[in-house]
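Trainee: The structure follows.
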Amino acid sequence: MATVTSTRPYHIIIFGASGFTGQFVVEEVARSAFEGPSGSLKWALAGRSRQRLEGVLNQAAETLRKPELRTEVEIIVADVSEADSLAIMCQQGLVVLNCVGPYRFYGEPVVRACIENGAHCIDICGEPQFLERMQLEYHSRAMDSGVYVIGSCGFDSIPADMGILYTKDQFKGRDLFVGGCAHDGTWQSAIYGFADSGSLRKLRKKFGYQPLPVVGAKVKKRGSLFFSKEIDQYAIPFMGSDPSVVRRSQRFLYEGHQELPVQYSAYVGVGGVWSLIKMFCGGLLFWFLGKFGLGRKLLITFPEFFSFGVFTKAGPSRKQMEGTSFSLTFFGEGYAEGLDPSQGRPNARICTQIHGAEPGYVATPVAMVQAAITVLNEPQFLPIKGGVYSPGAAFARTTLIDRLNRHGLVFSVKRF
């Protein structure tokens, strides 16, 4: 297997650059090029259609008023269904930003090609089945090649995963328990993830993990529906990838660095009574249709109808993005220094928050690109060997949070 080498022509290759998310990743790389090694970044676009990639470059050049992009950024033609083209692509770059999803269908060939040809791989996957299967099947191979495969480096799940580490670092005590209020995932990933939830349980059994230790009081899980006084609205357990990703990071930090794991639960606010009624009707319909093939086809074909306008095939307009933002709030409890956790309930609290611009196509490209720049600039602070990692496991010792703060994903302490 090839290993990563700094003699390659490109620092970053954006694969799937002509997709809806990919085009915004292109713009973010262009904005951040001065942050590369030695103050510059050599990068390229990759995908199936040269014509479409040229269109993306032209659009980025016009949007950013950088006409030089048309001539300075090169194009690589590669197709996820053609292994040879993926190999040629991976041999030319240090880091591949994989924007081609759903990852359960198109992600594995890219992971395999990166490991075999010595390129680090970063994706924005929010699909626990894919993420955990890649860790199970490719972690050892990635370690042998010195390749870092880091999933969930977008809004799924850098805010949640790095937010836990930030909250723990800011907490003036020990043995922290955290609950978060979270966000939505992508429509197709949610459909296929729901339909395939049984295989995820089987997959997790193959790891043979022992339960992580619980120090002090065990966090009580809230119900399937409850009114949250913290955010003054109804909330439900978050069904996306964040809890899975956070657990993987906490296990790595416990087993690799002997750090006591944080207990974590994630919830999403759904609003008031009317929102609750819509969610119940939509959830019931989603549950029913997601059970069989024709139903899943209907959900995918008509996302705007079945999601009450939340998801569309065209995606949001730039004007809609400008008027959208997100906040992710963490409510933590733990024990003050000197208190024996076995002697009582938690007696110290902290509240932190991450806020930023539109999550899917503004915050996600920022998080993905800053993850890549961190890999390029801070290899000495990554895990000692390559492997398949979650963001918290890969970036716990780096300055990624500081980088995100400078780019509009702001981490802050609200109150103790």
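Trainee: Which ones in the stretch 238-262 are open to solvent by 50 Å² or more (accessible area, probe 1.4 Å), part of a loop (DSSP other than H, G, I, E, B) and within 22 Å of CYS153 (Cβ to Cβ)?
Mentor: Across the stretch 238-262, the qualifying residues are MET239, GLU259.
Trainee: If the Cβ limit is 7 Å and pairs must be 6+ apart or interchain, which residue in the stretch 217-231 that is closer than 20 Å to LEU260 by Cα pairs with which residue that is open to solvent by 100 Å² or more (accessible area, probe 1.4 Å) and not aromatic (Phe, Trp, Tyr)?
Mentor: Short answer, once both residue conditions are applied: ALA217/ARG345.
Trainee: Continuing with this model, one more query. Only residues that are under 17 Å from LYS414 (Cβ atoms) and either assigned to a helix (DSSP H, G or I) or at pLDDT 80 or above (or both): list them for the stretch 166-207, please.
Mentor: Result: TYR166, THR167, LYS168, ASP169, GLN170, PHE171.
Trainee: Then there's this: Does the stretch 320-342 hold any residues that are in a strand (DSSP E or B), in contact with a helix residue (DSSP H, G or I) (Cβ under 9 Å, 6 or more places away or on another chain) and open to solvent by 50 Å² or more (accessible area, probe 1.4 Å), and which are they?
Mentor: If the condition is that a residue be in a strand (DSSP E or B), in contact with a helix residue (DSSP H, G or I) (Cβ under 9 Å, 6 or more places away or on another chain) and open to solvent by 50 Å² or more (accessible area, probe 1.4 Å), then SER325 is the only one that fits.
Trainee: Would the stretch 49-66 turn up any residue that is under 30 Å from LYS202 (Cα atoms), surrounded by fewer than 20 Cβ atoms within 10 Å (Cβ to Cβ) and among the acidic types (Asp, Glu)? Full working, then the answer.
Mentor: Looking only at the stretch 49-66, we keep the residues that are under 30 Å from LYS202 (Cα atoms), and these are none.
Within the stretch 49-66, none of the residues are under 30 Å from LYS202 (Cα atoms), surrounded by fewer than 20 Cβ atoms within 10 Å (Cβ to Cβ) and among the acidic types (Asp, Glu).
Trainee: Continuing with the same structure: Taking into account only those residues within the stretch 343-365 that are aliphatic (A, V, I, L, M) and open to solvent by less than 10 Å² (accessible area, probe 1.4 Å), which is nearest to GLU27 (Cα to Cα)? Write out each step before concluding.
Mentor: First, pick out the residues of the stretch 343-365 that are aliphatic (A, V, I, L, M): 348, 350, 354, 357, 362-363.
Restricting the remaining residues to those that are open to solvent by less than 10 Å² (accessible area, probe 1.4 Å) gives 350, 354, 363.
Working: ILE350: 36, ILE354: 23, ALA363: 12 Å.
Taking the candidates together, the pick is ALA363.
Trainee: If you don't mind, there's one more thing I want to ask. Please indicate, with yes or no, whether at least one residue in the stretch 357-365 is among the charged types (D, E, K, R) and within 29 Å of THR324 (Cα to Cα). I'd like the intermediate steps shown before the answer.
Mentor: Initially, the stretch 357-365 is screened for residues among the charged types (D, E, K, R), giving 358.
Imposing the further condition that a residue be within 29 Å of THR324 (Cα to Cα) reduces the set to 358.
Yes, the conditions are met somewhere in the stretch 357-365.
Trainee: So, in the stretch 343-371, how many residues would count as being assigned to a helix (DSSP H, G or I) and not aromatic (Phe, Trp, Tyr)? Working first, answer last.
Mentor: Taking the stretch 343-371 as the starting set, the residues that turn out to be assigned to a helix (DSSP H, G or I) are 343, 359-371.
Filter again for not aromatic (Phe, Trp, Tyr), leaving 343, 359-360, 362-371.
Count: 13.
Trainee: State all residues of the stretch 119-134 that are within 19 Å of THR374 (Cα to Cα) and touching a helix residue (DSSP H, G or I) at 6+ places or on another chain (Cβ under 6 Å); if no residue qualifies, say none.
Mentor: ALA119, HIS120, CYS121, ILE122, ILE124, CYS125 - these are the residues of the stretch 119-134 that are within 19 Å of THR374 (Cα to Cα) and touching a helix residue (DSSP H, G or I) at 6+ places or on another chain (Cβ under 6 Å).
Trainee: On to the next question. How do the pairs read when you match residues in the stretch 332-359 that are on the phi < 0 side of the Ramachandran plot and free of Cβ contacts under 8 Å to residues at least 24 places away in the same chain with residues anywhere that are open to solvent by 10 Å² or more (accessible area, probe 1.4 Å) and of a type outside the set (Asp, Glu), using Cβ under 6 Å and keeping only pairs 6 or more apart or on different chains?
Mentor: ASN347/ALA336
Trainee: Tell me which residues, restricted to the stretch 114-143, are under 23 Å from TRP43 (Cβ atoms) and open to solvent by less than 10 Å² (accessible area, probe 1.4 Å).
Mentor: Filtering the stretch 114-143 down to residues under 23 Å from TRP43 (Cβ atoms) leaves 114-125, 142.
Result: CYS114, ILE115, GLY118, ALA119, CYS121, ILE122, ASP123, CYS125, ALA142.
Trainee: Can you list the helices (runs of 4 or more DSSP H) found entirely within the stretch 63-127 that contain at least 2 residues being charged (D, E, K, R)? Walk me through how you get there before you give the answer.
Mentor: Numbers: elements: 69-72, 83-90, 103-106, 108-117.
Fully inside the stretch 63-127 and qualifying: 69-72, 108-117.
Trainee: Hey, another quick one. Any idea how many residues of the stretch 385-400 are open to solvent by 30 Å² or more (accessible area, probe 1.4 Å) and either in a helix (DSSP H, G or I) or on the phi > 0 side of the Ramachandran plot (or both)?
Mentor: 0
Trainee: Same structure again: Looking at the stretch 400-411, can you tell me whether even one residue there is farther than 30 Å from VAL147 by Cβ and at pLDDT below 95? I'd like the intermediate steps shown before the answer.
Mentor: Within the stretch 400-411, the first condition is being farther than 30 Å from VAL147 by Cβ, and the residues that meet it are 410.
Next, from what is left, pick out any that are at pLDDT below 95: none.
No: zero hits.
Trainee: Just to be sure I understand, how many residues within the stretch 218-237 are open to solvent by less than 20 Å² (accessible area, probe 1.4 Å) and under 18 Å from PHE177 (Cα atoms)? Outline the logic, then answer.
Mentor: First pass over the stretch 218-237, keeping only residues open to solvent by less than 20 Å² (accessible area, probe 1.4 Å): 228, 235.
With under 18 Å from PHE177 (Cα atoms) added as a condition, the list becomes 228.
Final tally of qualifying residues: 1.
Trainee: Tally the residues that are buried (at least 23 other Cβ atoms within 10 Å of the Cβ) and among the aromatic types (Phe, Trp, Tyr), restricting the search to the stretch 144-170.
Mentor: Number satisfying all stated conditions: 2.
Trainee: What number goes with the only condition from (1) part of a helix (DSSP H, G or I); (2) out of contact with any helix residue (DSSP H, G or I) (no Cβ under 7 Å at 6 or more places or on another chain); (3) modelled with pLDDT under 95 that GLU137 does not pass?
Mentor: (3)
Trainee: Would you pick out the residues in the stretch 143-158 that are farther than 10 Å from SER390 by Cβ and touching a Phe, Trp or Tyr at 6+ places or on another chain (Cβ under 8 Å)?
Mentor: Our first condition is that a residue be farther than 10 Å from SER390 by Cβ; within the stretch 143-158, this holds for 143-149, 154-156.
Matches in the stretch 143-158: TYR148, VAL149, PHE155.
Trainee: List every residue pair whose Cβ atoms lie under 6 Å apart, where the two residues are 6 or more positions apart in sequence or sit on different chains, the first residue falls within the stretch 360-379 and is without any contact (Cβ under 8 Å) to a residue 60 or more places away in the chain, and the second residue, located anywhere, is outside any helix (DSSP H, G or I).
Mentor: From the stretch 360-379, the pairs are THR374/THR398; GLU378/THR398.
Trainee: Tell me, yes or no, whether the stretch 376-384 has at least one residue that is in contact with a His (Cβ under 8 Å, 6 or more places away or on another chain), in a helix (DSSP H, G or I) and open to solvent by 10 Å² or more (accessible area, probe 1.4 Å).
Mentor: Residues of the stretch 376-384 that are in contact with a His (Cβ under 8 Å, 6 or more places away or on another chain), as a first pass: 376.
Subset that is in a helix (DSSP H, G or I): 376.
Now narrow it down to the ones that are open to solvent by 10 Å² or more (accessible area, probe 1.4 Å): 376.
Scanning the stretch 376-384, I find at least one residue that is in contact with a His (Cβ under 8 Å, 6 or more places away or on another chain), in a helix (DSSP H, G or I) and open to solvent by 10 Å² or more (accessible area, probe 1.4 Å), so the answer is yes.
Trainee: State which residue pairs qualify: first residue within 17 Å of GLY240 (Cβ to Cβ) and β-branched (Val, Ile, Thr) and inside the stretch 250-271, second residue at pLDDT below 90 and buried (at least 21 other Cβ atoms within 10 Å of the Cβ) in any location, beta carbons under 8 Å apart, and separation of 6 or more residues or different chains.
Mentor: What qualifies is VAL268/ALA182; VAL268/HIS183; VAL268/ALA235; VAL270/ALA235.
The values are calculated or read from the model by the stated rules, or taken from the named source; none is laboratory data. Values in this document were obtained by computation on a predicted structure and should not be read as measured data. Reconstructed Cβ throughout: ideal geometry from the backbone, glycine too, with neighbour counts over all protein chains shown. Note: accessible area is taken over every heavy atom of the protein model, side chains too, but ligands, DNA and RNA are not part of it. Shrake-Rupley method; radii C 1.70, N 1.55, O 1.52, S 1.80 Å.
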